[in-house]
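Enquirer: Right, I'll just put the structure down here and ask away after.
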Amino acid sequence: MRWWDIAPVLELERELFPDDAWSEGMFWSELAHARGPGATRRYVVAVAEDDGRVAGYAGLAAAGGLGDVQTIAVARDQWGTGLGARLLTELLRYATDFECAEVLLEVRVDNTRAQRLYERFGFEPIGFRRGYYQPGNVDALVMRLTVQEDVNEVDVDNTESAESHG
């Protein structure tokens, strides 16, 4: 995501989340942490092929080996196309780049469509945050994905054996 994406992203944000949409300032703040060598955020935008409009966006924050899905949004006319899965796949790739051992997210308890997507990717429910989404006072389901270690990594307890067969 770049600064010029903020206006169309905000439009989609307000359409999809009318009661608890992020502000322009929130997006600017997130983007400020997405650049440079010390970046702790990654944001992506998906553009519709037919008309060039923003069809979806997603963001991840990472620190100390922990990733947090900040947002995923897909335009209603793109639901069921796999765009949400592609955005989540991209965020998980960034989580790997950030060397995250776990990725967390919050999802509205009434958003079963998103919950099913996250479950397909291996996220598991671990708790609730009461009244998380305001002003509607809607609870959030907290979900976690434990990132699997690469099976090709060297076993530190058996380094000599791993090196001799590599």
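The values are calculated or read from the model by the stated rules, or taken from the named source; none is laboratory data. Quantities reported herein were computed from a predicted structural model and do not represent experimental measurements. Counting neighbours? That spans all protein chains shown, and the Cβs are built from the backbone with ideal geometry, glycine included. Side chains are part of the model used for accessible areas, which takes the heavy atoms of the whole protein and leaves out ligands, DNA and RNA. Shrake-Rupley method; radii C 1.70, N 1.55, O 1.52, S 1.80 Å.
Enquirer: Name the helices (complete DSSP H segments) of the chain with a Cα length along the long axis of 18 Å or more and a Kyte-Doolittle mean of at least -1.0, or state none.
Expert: Details: long enough: 83-97 (21 Å, 0.23).
Taking the DSSP H segments of the chain (at least 18 Å long, mean hydropathy at least -1.0), we get 83-97.
Enquirer: Solvent-accessible area of Asp97, probe 1.4 Å, all protein chains present, reported in Å² to the nearest ten, please.
Expert: 100 Å²
Enquirer: In the chain, what is the volume of the convex hull around the alpha carbon atoms, normalised per residue and reported in Å³?
Expert: Numbers: hull volume 25.0 nm³, N = 166.
Measuring per residue, one finds 151 Å³ for the Cα hull of the chain.
Enquirer: Another one. Counting other Cβ atoms within 10 Å, which trypsin sites (Lys or Arg not before Pro) in the stretch 17-48 have at most 11 and lie in a DSSP loop? Let's see the in-between values first.
Expert: Numbers: sites: Arg35, Arg41, Arg42; in loops: Arg35.
Sites meeting the loop and neighbour criteria: Arg35.
Enquirer: For the stretch 1-125, what does the relative contact order come out to in percent, with C-alpha contacts under 8 Å and a separation of six or more?
Expert: On the way: 161 pairs, mean separation 23.1, N = 125.
Relative contact order here is 18 percent.
Enquirer: Right, next: What is the distance in Å between the Cα centres of the stretch 17-53 and the stretch 68-120?
Expert: Centre-to-centre distance over Cα atoms comes out at 14 Å.
Enquirer: Using amide H atoms built in the peptide plane, which far-off residues or other-chain residues are under 5 Å from Val47 H to H?
Expert: Ala55
Enquirer: If I compute solvent accessible area with a 1.4 Å probe over the protein chains, what percent of it on the chain is carbon and sulfur?
Expert: Working: 4840 of 10030 Å².
That share works out to 48 percent.
Enquirer: Rounded to the nearest 10 Å², what accessible area does Phe121 have for a 1.4 Å probe in the complete protein model?
Expert: Answer for Phe121: close to 60 Å² accessible.
Enquirer: Can you tell me the convex hull volume per residue for the stretch 8-101, based on C-alpha atoms, in Å³ to the nearest whole number? It would help to have the intermediate numbers written out before the result.
Expert: Numbers: hull volume 10.0 nm³, N = 94.
Cα convex hull per residue, to the nearest whole number: 106 Å³.
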